[in-house]
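Encoded as C-alpha cells, the structure appears first; notes follow it.
The values are calculated or read from the model by the stated rules, or taken from the named source; none is laboratory data. These numbers were taken from a predicted model, which means no experiment stands behind them. Quick reminder, even Gly has a Cβ in these numbers, built from the backbone with ideal geometry, and neighbours come from all protein chains shown. The area values use the complete protein model at the heavy-atom level, side chains included, leaving out ligands, DNA and RNA. Shrake-Rupley method; radii C 1.70, N 1.55, O 1.52, S 1.80 Å.
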Amino acid sequence: MDDAIDEPQFKFNRGTMKLSPELPKSLDDHDGEISSWTSTPNETNGTNGTHSSSLNETTNSDDHNDLTCLRFEIVSTKTVQDDNAKKYVTYVMRVRLDGSEEDVHDTRIERRYTDFLELFSQLKQEQPTIMAQISFPRKLLVGNFSQESIACRSTSFEYLLRFVAVHDKLKLSPTTVAFLQQKEMTEVRHHIANQQHSLAIPILENTFRLLNKFYTDRHPAVLRALCLLVACCHAARSPDTERYAGIALRRFQGVSDFDLLQYYVPLLQLCATLDWTRAHKEHNYGTIIKERLADMKRRGMKVDGCLPLLELLLQHQEPKRD
C-alpha cells in the first residue's frame, strides 16, 4: 500500500480479530446476508488468513463445497469499431455458481480478445509449468469476425477462466485480480471524480459480487471493493448503504491483515453516522460502534486524524497487470 497507517502497539492473533463491545448478533446477521466466521492458521485457504468464501450474500455458508462449482459462459458478443475505425469483438461472460442453492446474482464482465490474451500471456510468464497444460487461440490474419472463429474463441475463453479458477497460484495472482476488475475500477474512479457516485454503485455491486464468487470473503480485493461500495452508497445517500455496511462490518471481524485493517477505522467512523433504521429498535448501533472505536484507541490503534473511507480508498491504486 502507498500510505499505511501507524503500526498498532498490539498484535492481532492470526485469523480472528475480536474487539469489545461486540456488535449484536442481529447486526451480524443483518437481512440474513452475513454469516459467522472463525478460523485458525491451519484452516485458512488462500491468503491473508482468510477462510473460504460464502457462495453469495444470500447464503449462510462460508465454505465452498463439493456441490458448488464456478461456471463461466460467454452469453453474447458484439463487433465494435473504435475511434480509429478499427474493429474488434467484445465478449460478455456470465459468472455464476452452481450448487445446492440458486445463484440469484447475475454477474457479468465484458472483455475483448486482447484482454484474455494478456491474462494468458502474463500467467504463462508467472507459472509456465501450469500454463503449459492449456493453449490459446491465435490471432488470425483474416476471419477474426466469422461466427466460427468467435464461437471457437468463446469456448477457449470459458475454459481459460475455469482453468485459472481451479489453480490457486493462477487464481491468486495479481494478474487475475486485475483482469477481473481493472476495467471496471477505472470507470468507477472516473464517476467518483465527477461526483457521479450513483453511477458507480451498480458497477461496484457487480464487481463485488464477481470477486466474492471468485475469492474468499476476506480476500483483499473483495474487501476493498466492498468498502468502496459502502463509501459510494454513503456519498450517494443510497438506501443500500446500511445493508452493505453491515456486510462489511461482519467481514472485518475476521481480518488480521494489516494493510486491510487501515480501512476498518474509517469504515467504523462512517457506520457511526448511520441511523441503522432497519435494525432492531432495542439496539443502538451508533453507540456500540462509537464504543468500539474508543476501545480500539485505548488499545493503541490510530483512530484520530484518519482519512474518510472513500478518500483513503481512492489514494490506493488497485493492482495492475505488468
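Laid out as a table, the results:
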| item | result |
| --- | --- |
| Looking only at region 237-246, and only at residues there that are more than 17 Å from the chain's Cα centre (by Cα) and open to solvent by less than 40 Å² (accessible area, probe 1.4 Å), the one that is modelled with the lowest pLDDT | Glu242 |
| Answer residue from region 206-233, given it is assigned to a helix (DSSP H, G or I) and among the aromatic types (Phe, Trp, Tyr) and is modelled with the highest pLDDT among those | Phe208 |
| Any hit, region 176-199, residues being closer than 27 Å to Tyr244 by Cβ, open to solvent by 80 Å² or more (accessible area, probe 1.4 Å), in contact (Cβ under 8 Å) with a residue 60 or more places away in the chain and out of contact with any Gly (no Cβ under 8 Å at 6 or more places or on another chain) | yes |
| Residue check, His234 under 13 Å from the mean Cα position of the chain (by Cα) and touching a residue at least 40 places away in the same chain (Cβ under 8 Å) | no |
| Criterion (in contact with a helix residue (DSSP H, G or I) (Cβ under 9 Å, 6 or more places away or on another chain), modelled with pLDDT of 85 or more and exposed (fewer than 15 other Cβ atoms within 10 Å of the Cβ)) met by exactly one of Asp304, Asp322 | Asp304 |
| Members of region 210-235 that are open to solvent by 10 Å² or more (accessible area, probe 1.4 Å) and under 13 Å from Leu261 (Cα atoms) | His219, Pro220, Arg224 |
| Criterion (closer than 23 Å to Thr79 by Cβ, polar (S, T, N, Q) and open to solvent by 50 Å² or more (accessible area, probe 1.4 Å)) met by exactly one of Thr129, Thr155 | Thr155 |
| Selection status of Ile203, β-branched (Val, Ile, Thr), open to solvent by 10 Å² or more (accessible area, probe 1.4 Å), part of a helix (DSSP H, G or I) and under 28 Å from Asp168 (Cβ atoms) | yes |
